Amino acid sequence: MEDTSRVRMRVLGVIAVSLFLALFGRLWYLQALESEQFEVIAQSNITRSIRTQAPRGQILDREGRVLVENRLSTVVTINRDSHLNELRALGYGSSDERAEFRAEMFANLARELSQSGLLTKVADLERAYADQSFTSFDDIPIARDVDEELLIFIGERPDDFPGVNVDQDLVRSYPFGKNAAHILGYVGSITGGELEAKENLYLIDDPDSDDPAVRIEDPNGKQYRRNDEIGKQGIEAFFEDDLRGVPGTRELLVDNVGNLVEDVKTTNPVRGSDVHLTIDIDLQVMLEAELARTLERARGVEVLQDEEPFRAPAGAAVIMDPRDGSILAMASYPTFDPGDFIDGISQDQFDKLSDPLSHQPLLNRAVSEIYPAASTFKPFTAIAAEVYDVFGWQFVDDWDVPISDPGYWDLQSCSIDFTGDVEGARESGCRKINAGGASMEGVDLSHSLSFSSDTYYYRIGEAFWVAGANTINPEGIQVTAKEFGFGAETGVQLPNEKAGSMPNAEQFRARHLANPDAFPRGDWGPGDNTNLAIGQGEVAITPLQLATAYAALANGGTVFSPNVVTEIAPPTADEEPTVFGPRVVRQATIPETIEQEILDGLLGVTMLPKPNLEQPSGTGFDAFNEAPGSNNWVGGVQMDLINWPVAGKTGTAEILGRADNSMFAGFGPSGSPAYGTAVQEPEYVIAVILEESGFGSKFAAPMVARIFDAISKDEIPRALTQDEIDTFYGVDNITDLSQAELAAVVDAEVDQ
């Protein structure tokens, strides 16, 4: 018995010692090994961080005039922490009582906001209150730009609206209203996809981790969270990283139940960088007004019964400086008001702005829409013909030989008997005709451009394809066109640019093999090449590409990547600005043998009158030489072309089932001894495309004439701000071409 008792005591002793050793071991582990970890956890439980948004940078034009800025907006907010504490102080102890009070408060608040003009739903308020991207100490915005009467109403009733406060916040402001909307863009709340994309920019490889990458915070301190604003279009989107400032922070110390103990640290926000544009807002406003006016005129024209109506729903125009590639103005119609996005818009509103049936007002057609090049493409076909020795080859006369243009060209590679079945030859594509079947005499290279002879270029297009690769590069036209920037993005500092298309035989074959049902024809033939030669078929360009190519014609062949921004100016003086100088892409070939001939041909478009019955005038002559007092609906001008010569090319793009697109591309001031003018260095190049508006000579050319006339006379009206328009005219917008008179009236009122 005694031995048994001793054994039991020893076992109990061993167990007791083991338990004490385990206990002391655990205490030592917790205090020595995990103390730092628990210290971090403890610290995180009592520290809260609140962010303060930073002002975005301004956007300014080339003269330093502010196009986008920030303004103070009166904001109604709700603070969850204050709301709960005030409800407890009012005697609402249970969560059910507080929820019932809050539902009634939101109903009253939604009604008052809606009656003040800010349509608000209860669900909107409940969603904002429950948004977990805000901490319990954040002031959650629920309404902006609240009127004074509502502020007084809320301020006088703190017990009815506990936790609801009135504050001021910075929002975007657009002093010139809708003008330059497609260039400037707009801002809106960041989406889940955008937020993820921004966070994924800072994924780094971690060799010490099993994960392939670790996400870190933005090293620039500009990290995003839900409900932050982000640029959605235009400059606001393209230069988002520069315009966005560094948010400030407010570190708070709270107790274990979330009550505020003290402010620990505050870091002030840093505003974003300013972006300076190449745009001249005076020229921009005039271009937009002219574009809208010209399309409206086209819509008012009655066409013949068998013709497609001029719907003229949309268009685009670009003005550049051919000396350095700066974009001076860029217009797209229809347009939108970026101010509509300040407080956010409904999905229905956004869908309407994006709907093709409303002609997509959000779409910047200057860079994001493609069109046939039509006859504006002919100078580049002529250059290709000289580069690849097509002039003088078999059925193509030399460029300096005047020929008789009967109004059509019968393809030499067709086997149809043209004398027997002319209509069949035309329908099969074997007979190519001029616009309207027009015939003309004495057509050499220069006059082919001035008169816009299609058949002159049909011959060139066919020769490229039928000569054989050993004689002539069959894709010489495409190669030359690409030298001038067609078929590729220009590199402009704007989002969503399209590259257009420069079709070829390989492309035809590839898409046919990939989808023979959609593309039953896989062989490229001489008919395709003749269409290519006059910028039709599947040639697809953007208005900006057209302006860039004509800038190269104007400056002797230098192809620039267009600039719309000159400088990014940081918020502090100790940071160096980022300056964007001219960006040369390449030097395109313009043979010296025909360079002057091409220029004379383009000058003839505006300056060559009708010399005799066998020859027409230049296709743009009427637009630039309208007789004084004329009531011509075309709306041209009597321009002083001797002192400010304009070289250009009209274009009429055929669109199946719709009226033609009206086009013009050109530059000035220019000049040539052939027209008795001084030779000047071109300073402006313009490209205009008007959808479904008929001949280029009827609408696009007169529009350019009015613009260049104002530029040549230094009579570009001063652009009015929206405040000036509202103050002096009491209207939302002015698209009338009385801008000069309006500006003069405003200036007179200001002087008084």
Task: 12 Å beta-carbon shell around MET320, net charge (K/R +1, D/E -1) - done: -3
Open item on the list: Around SER452, under 11 Å between beta carbons, what's the net of Lys plus Arg minus Asp minus Glu among the other residues?
Closed with: 0
TODO: Rank by packing, highest mean first: peptides 532-541, 581-590, with packing defined as the count of other Cβ atoms within 10 Å averaged across residues.
DONE: 532-541, 581-590
- [ ] Would you please put 183-191, 431-439, 152-160 in order of how densely packed they are, using the mean number of other Cβ atoms within 10 angstrom per residue and starting with the highest?
- [x] 183-191, 431-439, 152-160
TODO: Fewest Cβ neighbours within 10 Å first, please rank TYR408, TYR129, TYR456 accordingly.
DONE: TYR129, TYR408, TYR456
TODO: Provide the gained length on full extension for the span ASN70 to ALA674, in nm with one decimal, where the gain is 0.36 nm per separating residue minus the Cα-Cα distance.
DONE: 212.0 nm
TODO: Evaluate E = 1/(1 + (r/R0)^6) for THR727 and ASP348, where r is the Cβ-Cβ distance and R0 equals 41 Å; express this FRET efficiency to the nearest 0.05.
DONE: 0.80
TODO: Determine, from the Cβ-Cβ distance of ALA510 and ALA130 and an R0 of 56 Å, the FRET efficiency 1/(1 + (r/R0)^6), rounded to the nearest 0.05.
DONE: 0.60
Open item on the list: Below 14 angstrom from the Cβ of SER173, what's the summed charge of the other residues (Lys, Arg +1; Asp, Glu -1)?
Closed with: -4
Task: Full-stretch length increase - GLU681, ALA518 - with 0.36 nm per residue and alpha-carbon distance subtracted - done: 53.9 nm
- [ ] Pop the C-beta distance of ASN643 and VAL303 into the FRET formula with R0 = 25 Å and round what comes out to the nearest 0.05.
- [x] 0.10
- [ ] Just order 368-378, 134-144, 228-238 by mean Cβ neighbour count inside 10 Å, highest at the front, would you?
- [x] 368-378, 228-238, 134-144
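Since every read-out is calculated from the coordinates, none of them should be taken as a lab result. This structure is a prediction, so every number in the text was calculated from the model and none was measured. In this analysis, Cβ positions are derived from the backbone assuming ideal geometry, glycine residues included, and neighbour counts consider all displayed protein chains.
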